[in-house]
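A.B. asks: There's a structure below that I have some questions on.
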Amino acid sequence: LLPALTLSHPQGISVYVGKHRSALVRAGGSLAALQARLREVTQVMSFTASSIAAALSDRVPDGQLSPDARRYLKSSLGYEITFSLLNPDPKSHTVDWDIEGAVNRYVKPVLDKLSLVANFSVDSQILYYAVLGVTPRYDKESSSFLLSAHSLPHVINPVEARLGSSAASLYPVLNFLLYVPERSHSPLYIQDKDGAPVSTNAFHSPRWGGIMVYNVEAPASPQASLPLHVDVDMARVMEVFLAQLRLLFGLSREEVPAEFLLERPGNEGLADWELDHLLWAHTVENIATVSTTLTSLAQLLDKIGNIVIKDDVASEVYRAVASVQSAVTELSLGHLHAAFQASKEAVTSSERAFFDPSLLHLLYFPDDQKFAIYIPLFLPMAVPILLSLAKIVRETRQRKKEPTKMD
Amino acid sequence: CTSRFWFNYRHVANTLSVYRSVKRLGIPDSHIVLMLADDMACNPRNPKPATVFSHKNMELNVYGDDVEVDYRSYEVTVENFLRVLTGRIPPSTPRSKRLLSDDRSNILIYMTGHGGNGFLKFQDSEEITNVELADAFEQMWQKRRYNELLFIIDTCQGASMYERFYSPNIMALASSQVGEDSLSHQPDLAIGVHLMDRYTFYVLEFLEEIHPASQTNMNDLFQVCPKSLCVSTPGHRTDLFQRDPQNVLITDFFGSVRKVEITTETVSLDRDVAASESK
């Protein structure tokens, strides 16, 4: 704690949070005020009760969660990111976007920093004649077209059918769409709930991705030849897409109190402590997932007594248990990276064990079904056999008695 | 649809009509697993090849250009169905044949075919029992493969299929009670078979009036097809469902309305950064 902060910070700011893992706190007055400040700092930089509940979201009963606690992306081994350019009006606009350059310059640093969390793969596509499912309204005052906030949910579905999201990978896909409106619907602005146009002109859907509308300026002279050539300003676009990526992962700046000033993380996209927070949340989620998976697998085995567990399934279960135990110990010691790696291994092993195709309960007959199948076959056969056996037994007993009589 | 043979045309038409409604309300093919046990459109006995009609006088062809059947013909077995539900699928299965749902997904399951008290017949050779179905749903719940599940079944004695469910967040509708038969709707003289079942026919009439922004709720769906029209008594079960059916929108299951948020933040980027070298 420095006794006096430099006065280069504006008066209203009392905490400055750096982009690595440090924070400078200015506190005048009592120790109690300092304590309250420090508690706020730890809440921002570390975790709160609600973020614990969010990480464990599917194990917590519905009543205890805040309504938007389940919107962040679930922890997964990898994510696929797809950038799509939608051009519904190729006759009017020829749109060029330097997506490869933008990905290398702006997206790669962020993904490199996030590479600890998961594997990312990036692809891009351009779709022509892809329209929004919603017709925007014309607003005379601003002489522009407006998309109101309540029509936004219906925009995504008609487009999604054409996106062709990844036939190949099983990882969750994050779609980022850049929509260049048709000339007849330009300029197009998105309205928020209060009716004001949104500065970013973009919206996102939790666990799906984001859409940004890129307006093309009308040509200076009405006789300009069509199609207009448009060079997309990728930096502006990536600023929005990367912000949406952060929001999808749950790294938002909303809950930071007003007196905090956060250092800008630059092109890396996120501060070290934010990365720690993400790793921690995913580790907790992974550990919870593994414990419920293994518990339910054990319950399944209790229920269907004669399931055969193959050796590789058994070894996956052992590995999962060992990994989750080491994850918990590492987490309690504070070794976040080691705990995260262990939790990832635990999740992989437990999922492989639980979803093994050989564990289909249909393949194992319960005893009452066995009786139901075999009794109708064997009982009719058994009746004459048993009767003749009884007859034989009776005859031998009679023969044994008779010699005594004859004699 | 779980029945084979030409005279079970109506089961395929049922399923395709529900498929069409669900697509119209916004669910894309990547989110639909369609299983048809027999091919009616290209059946040698079909007088109008490449079509499946759901209305007499051939008003509506539900087998248009846009139908993506994921499991066809002999692939529709009880084992495959349970594998899709529980996710215990061989690793070589393509993405379109998997149910990739998570804990925020609402799932609609529609089954039709011939059934009896506690079972549904598959392919004329095997059956799925209500106990197996309940266990499969429990396995799904354990892995949180659904948020809420709506199960609709249109068979004889359909209500027996949902008697054994015990996992939370399941709502079920059936076309008839135990002991009753579900009847078919109308024969078409040109094609020569019955085209639809009554319960599904009236459900579809109801769905035709729903559009993606509609606010109609589940209680209206329960009223569809009263005994006077349907001859059988449709049933439903909502005790496992946590929300009140009055508050559940039809589009929660039949359509797809996503939650969106306006993006208010941006990341500030340094524009003059040279491209980083790839590792």
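A.B. asks: Restricting to the range B:95-105, what's the tally of residues that are more than 7 Å from chain A (Cβ to nearest Cβ) and either open to solvent by 40 Å² or more (accessible area, probe 1.4 Å) or of a type outside the set (A, V, I, L, M) (or both)? First the steps, then the outcome.
C.D. replies: Narrowing the range B:95-105 to residues more than 7 Å from chain A (Cβ to nearest Cβ): B:96-101, B:105.
Cutting the leftovers down to either open to solvent by 40 Å² or more (accessible area, probe 1.4 Å) or of a type outside the set (A, V, I, L, M) (or both) gives us B:96-98, B:100-101, B:105.
The qualifying residues number 6.
A.B. asks: Let me ask something else about it. What are the residue pairs meeting all of these: first residue in the range A:201-220, first residue outside the structural domain of A:F176 (by the TED database), second residue open to solvent by less than 10 Å² (accessible area, probe 1.4 Å) and modelled with pLDDT of 90 or more, Cβ atoms under 9 Å, and 6 or more apart or on different chains?
C.D. replies: The qualifying pairs do not exist here.
A.B. asks: Just checking, does the range A:212-231 include any residue being at negative phi, crowded, with 20+ Cβ neighbours inside 10 Å, facing chain B (nearest Cβ under 9 Å) and in contact with a Leu (Cβ under 7 Å, 6 or more places away or on another chain)?
C.D. replies: Within the range A:212-231 (the criterion being at negative phi, crowded, with 20+ Cβ neighbours inside 10 Å, facing chain B (nearest Cβ under 9 Å) and in contact with a Leu (Cβ under 7 Å, 6 or more places away or on another chain)), the answer is yes, since at least one residue qualifies.
A.B. asks: Test B:D70 against the criterion of being within 12 Å of chain A (Cβ to nearest Cβ), closer than 24 Å to B:N147 by Cβ, acidic (D, E) and under 15 Å from the mean Cα position of the chain (by Cα), and give yes or no. Step through it out loud before you land on a result.
C.D. replies: Working: within 12 Å of chain A (Cβ to nearest Cβ): no; closer than 24 Å to B:N147 by Cβ: yes; acidic (D, E): yes; under 15 Å from the mean Cα position of the chain (by Cα): yes.
No.
A.B. asks: Just to check your reading of the model, which residue among B:I262, B:I191 is touching a residue at least 12 places away in the same chain (Cβ under 8 Å) and in contact with a strand residue (DSSP E or B) (Cβ under 8 Å, 6 or more places away or on another chain)?
C.D. replies: It is B:I191.
A.B. asks: Shifting gears a bit: Select, from B:E138, B:E180, B:E126, B:E209, the only residue that is without any contact (Cβ under 8 Å) to a residue 12 or more places away in the chain, among the charged types (D, E, K, R) and either out of contact with any His (no Cβ under 7 Å at 6 or more places or on another chain) or crowded, with 18+ Cβ neighbours inside 10 Å (or both). Before the answer, list the steps.
C.D. replies: Working: B:E138 fails: without any contact (Cβ under 8 Å) to a residue 12 or more places away in the chain; B:E180 fails: without any contact (Cβ under 8 Å) to a residue 12 or more places away in the chain; B:E126 fails: without any contact (Cβ under 8 Å) to a residue 12 or more places away in the chain.
From the options B:E138, B:E180, B:E126, B:E209, the qualifying one is B:E209.
A.B. asks: Further, regarding this structure: Cβ contacts < 7 Å: first residue among the polar types (S, T, N, Q), restricted to the range B:1-20; second residue assigned to a helix (DSSP H, G or I), any location; separation 6+ or different chain. Result?
C.D. replies: Qualifying pairs under 7 Å: B:S3/B:H11; B:N14/B:T200; B:S17/B:T200; B:S17/B:L204.
A.B. asks: Would you mind finding the one in B:G158, B:G115, B:G87 that is touching a Cys at 6+ places or on another chain (Cβ under 6 Å) and open to solvent by less than 40 Å² (accessible area, probe 1.4 Å)? Full working, then the answer.
C.D. replies: Numbers: B:G158 fails: touching a Cys at 6+ places or on another chain (Cβ under 6 Å); B:G87 fails: touching a Cys at 6+ places or on another chain (Cβ under 6 Å).
Step by step, each of B:G158, B:G115, B:G87 is checked, and only B:G115 is touching a Cys at 6+ places or on another chain (Cβ under 6 Å) and open to solvent by less than 40 Å² (accessible area, probe 1.4 Å).
A.B. asks: Follow-up question, since we're still on this one. (1) touching a residue at least 12 places away in the same chain (Cβ under 8 Å); (2) exposed (fewer than 14 other Cβ atoms within 10 Å of the Cβ); (3) in a helix (DSSP H, G or I): which one isn't true of A:V308, the others all being true?
C.D. replies: Only one criterion is unmet by A:V308, namely (3).
A.B. asks: To continue, here is another question. Just to check your reading of the model, which residue among A:S124, A:S169, A:S144 is surrounded by fewer than 19 Cβ atoms within 10 Å (Cβ to Cβ) and touching a helix residue (DSSP H, G or I) at 6+ places or on another chain (Cβ under 6 Å)?
C.D. replies: On the way: A:S169 fails: touching a helix residue (DSSP H, G or I) at 6+ places or on another chain (Cβ under 6 Å); A:S144 fails: touching a helix residue (DSSP H, G or I) at 6+ places or on another chain (Cβ under 6 Å).
A:S124 is the lone residue from the list that is surrounded by fewer than 19 Cβ atoms within 10 Å (Cβ to Cβ) and touching a helix residue (DSSP H, G or I) at 6+ places or on another chain (Cβ under 6 Å).
A.B. asks: Of the residues in the range B:212-263, how many are more than 14 Å from chain A (Cβ to nearest Cβ), open to solvent by 10 Å² or more (accessible area, probe 1.4 Å) and in contact with a Lys or Arg (Cβ under 9 Å, 6 or more places away or on another chain)?
C.D. replies: The qualifying residues number 4.
A.B. asks: Which condition from (1) part of a loop (DSSP other than H, G, I, E, B); (2) without any contact (Cβ under 8 Å) to a residue 40 or more places away in the chain; (3) open to solvent by 40 Å² or more (accessible area, probe 1.4 Å) is the one that B:L269 breaks?
C.D. replies: (3)
A.B. asks: Can A:R246 be described as within 12 Å of chain B (Cβ to nearest Cβ), at pLDDT 85 or above, in a helix (DSSP H, G or I) and in contact with an Asp or Glu (Cβ under 8 Å, 6 or more places away or on another chain)?
C.D. replies: The answer is yes for A:R246.
A.B. asks: Here's another thing I want to ask about it. Of everything in the range B:161-177, what is touching a Lys or Arg at 6+ places or on another chain (Cβ under 9 Å) and open to solvent by less than 40 Å² (accessible area, probe 1.4 Å)? Give them in sequence order.
C.D. replies: Within the range B:161-177, the first condition is being touching a Lys or Arg at 6+ places or on another chain (Cβ under 9 Å), and the residues that meet it are B:162-163, B:165, B:169-175.
Result: B:Y162, B:F165, B:N169, B:I170, B:M171, B:A172, B:L173, B:A174, B:S175.
A.B. asks: Can you tell me how many residues in the range A:235-245 are under 13 Å from A:I81 (Cα atoms) and surrounded by fewer than 21 Cβ atoms within 10 Å (Cβ to Cβ)?
C.D. replies: 0
The values are calculated or read from the model by the stated rules, or taken from the named source; none is laboratory data. This one's a predicted model, so the numbers in the text were calculated from it and none came from an experiment. Heads up, the Cβs are rebuilt from the backbone with ideal geometry, glycines too, and the neighbour counts pull from every protein chain shown. Surface accessibility is based on the protein's heavy atoms, side chains included, excluding ligands, DNA and RNA. Shrake-Rupley method; radii C 1.70, N 1.55, O 1.52, S 1.80 Å.
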